[in-house]
1. Quick one: count up the residues across the stretch 262-284 that are open to solvent by less than 80 Å² (accessible area, probe 1.4 Å) and among the acidic types (Asp, Glu).
2. Return only the number of the condition from (1) more than 28 Å from residue 64 (Cα to Cα); (2) touching an Asp or Glu at 6+ places or on another chain (Cβ under 9 Å); (3) surrounded by fewer than 22 Cβ atoms within 10 Å (Cβ to Cβ); (4) in contact (Cβ under 8 Å) with a residue 40 or more places away in the chain that residue 237 does not satisfy.
3. Which residue pairs have Cβ atoms closer than 9 Å, lie 6 or more positions apart in sequence or on different chains, and pair a first residue in the stretch 251-274 that is assigned to a helix (DSSP H, G or I) with a second residue that is open to solvent by 60 Å² or more (accessible area, probe 1.4 Å) and aliphatic (A, V, I, L, M)?
4. Among the residues in the stretch 127-142, are any within 21 Å of residue 9 (Cβ to Cβ) and β-branched (Val, Ile, Thr)?
5. Tell me yes or no: at least one residue of the stretch 122-133 is open to solvent by less than 20 Å² (accessible area, probe 1.4 Å), of a type outside the set (Lys, Arg), over 21 Å from residue 63 (Cβ atoms) and touching a residue at least 12 places away in the same chain (Cβ under 8 Å).
6. Checking residue 202 against (1) more than 20 Å from residue 4 (Cβ to Cβ); (2) under 16 Å from the mean Cα position of the chain (by Cα); (3) not polar (S, T, N, Q): exactly one of these is not met. Which one?
7. Output the residues belonging to the stretch 195-213 that are in contact (Cβ under 8 Å) with a residue 60 or more places away in the chain, open to solvent by 10 Å² or more (accessible area, probe 1.4 Å) and at negative phi.
8. Report, by residue number, each residue of the stretch 139-173 that is over 25 Å from residue 188 (Cβ atoms) and surrounded by 19 or more Cβ atoms within 10 Å (Cβ to Cβ).
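The values are calculated or read from the model by the stated rules, or taken from the named source; none is laboratory data. Since we're looking at a predicted model, the values are computed, not measured. Every residue, glycine as well, gets a Cβ built from its backbone with ideal geometry; the counts of neighbours run over all protein chains shown. The protein model used for the area step is the full one, side chains on, heavy atoms only, and it has no ligands, DNA or RNA in it. Shrake-Rupley method; radii C 1.70, N 1.55, O 1.52, S 1.80 Å.
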Amino acid sequence: MSIRPVRRITESKPAMEGAGVRLHRAFGFGDTSDFDPFLLLDDFRNDIPEDYMAGFPWHPHRGIETITYVLAGTVEHGDSMGNHGTIGAGDVQWMTAGSGIIHQEMPKGDEAGRMHGFQLWANLPSSLKMTPPRYQEVKAASIPEVTDDDGTRVRVVCGDYRGIKGPVEGVAAAPIYLDVSVPPGDRKTLLVESMRNVFAYVFEGSGNFSGQPPSHAENRSLVLFGEGDKLTVEAGEDGIRFLLVSGIPLKEPVAWRGPIVMNTQEQLRQTFEELERGTFLRVP
């Protein structure tokens with residue numbers, strides 16, 4: 001086995017989306033080939049209601065899947081397929097936009113006004129760009145948590161960890177999406193298949209990730225790994241908690257404008273023409 005080196009560590013940057021939601025963007029809307037099949041990761045952590053209450057009103061998506069993971073507060077969801085629901089702390093919403101969906105996401109803080117969650121965009125391969133849209137809502141109680149002998153806790157949102165499978169299934173990129181907590185001072189080795197692209201996003205504490213010398217990452221740090229089949233992390237004095245996400249790269253061309261991700265500029269043009277004509281939705 002070989003340890004994946006750290007290729008780079010970057011800090012997420014302030015951004016504004018929707019109707020004026022202030023968030024931090026770890027990556028997205030640029031050259032995302034290093035993260036293929038993933039396109040974007042947003043950290044919408046905020047304790048000022050005025051900075052997030054306007055939410056993300058009705059907007060379209062095509063050609064991608066969106067994965068929303070909430071840690072505090074709630075997000076109310078509605079879409080053109082007639083789905084409605086609310087996800088809260090520990091819950092996940094996995095939406096396959098496919099051929100096209102129009103939806104809205106409206107966040108609301110907890111009793112203290114805190115809102116915290118992540119949204120990850122996963123690309124769809126060309127063969128599934130126009131698949132029928134699909135919606136999965138997974139409550140916290142359905143997401144397994146594994147506690148290792150060393151005290152490391154891993155919530156398995158999607159994929160597999162030590163034989164324990166997450167509840168989200170049927171996703172094109174076969175992603176593994178883990179929420180990992182390593183106790184203070186502990187050193188942890190995590191296996192990742194060599195054919196996958198993998199990144200970690202730190203959102204609590206700090207630690208040193210595999211490298212020569214080890215690379216230090218703190219809160220709101222994005223860690224991109226190189227090739228190998230395992231990675232190591234040594235938690236700092238306050239421990240470390242991070243998302244660990246990996247997927248099999250699609251290696252396909254990306255044509256991307258706003259919420260629409262296709263393979264060619266012509267497909268993009270056709271999509272926006274359909275939006276103007278009112279023929280965008282393929283499923284009533």
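1. Qualifying residue count for the region: 2.
2. Failing condition for residue 237: (2).
3. If the second residue must be open to solvent by 60 Å² or more (accessible area, probe 1.4 Å) and aliphatic (A, V, I, L, M), the pairs left are 274/281.
4. Scanning the stretch 127-142 turns up no residue that is within 21 Å of residue 9 (Cβ to Cβ) and β-branched (Val, Ile, Thr).
5. No: zero hits.
6. Of (1) more than 20 Å from residue 4 (Cβ to Cβ); (2) under 16 Å from the mean Cα position of the chain (by Cα); (3) not polar (S, T, N, Q), only one is false for residue 202: (1).
7. Matches in the stretch 195-213: 197, 212.
8. Once the filter is applied, which keeps residues that are over 25 Å from residue 188 (Cβ atoms) and surrounded by 19 or more Cβ atoms within 10 Å (Cβ to Cβ), the stretch 139-173 yields 171, 172.
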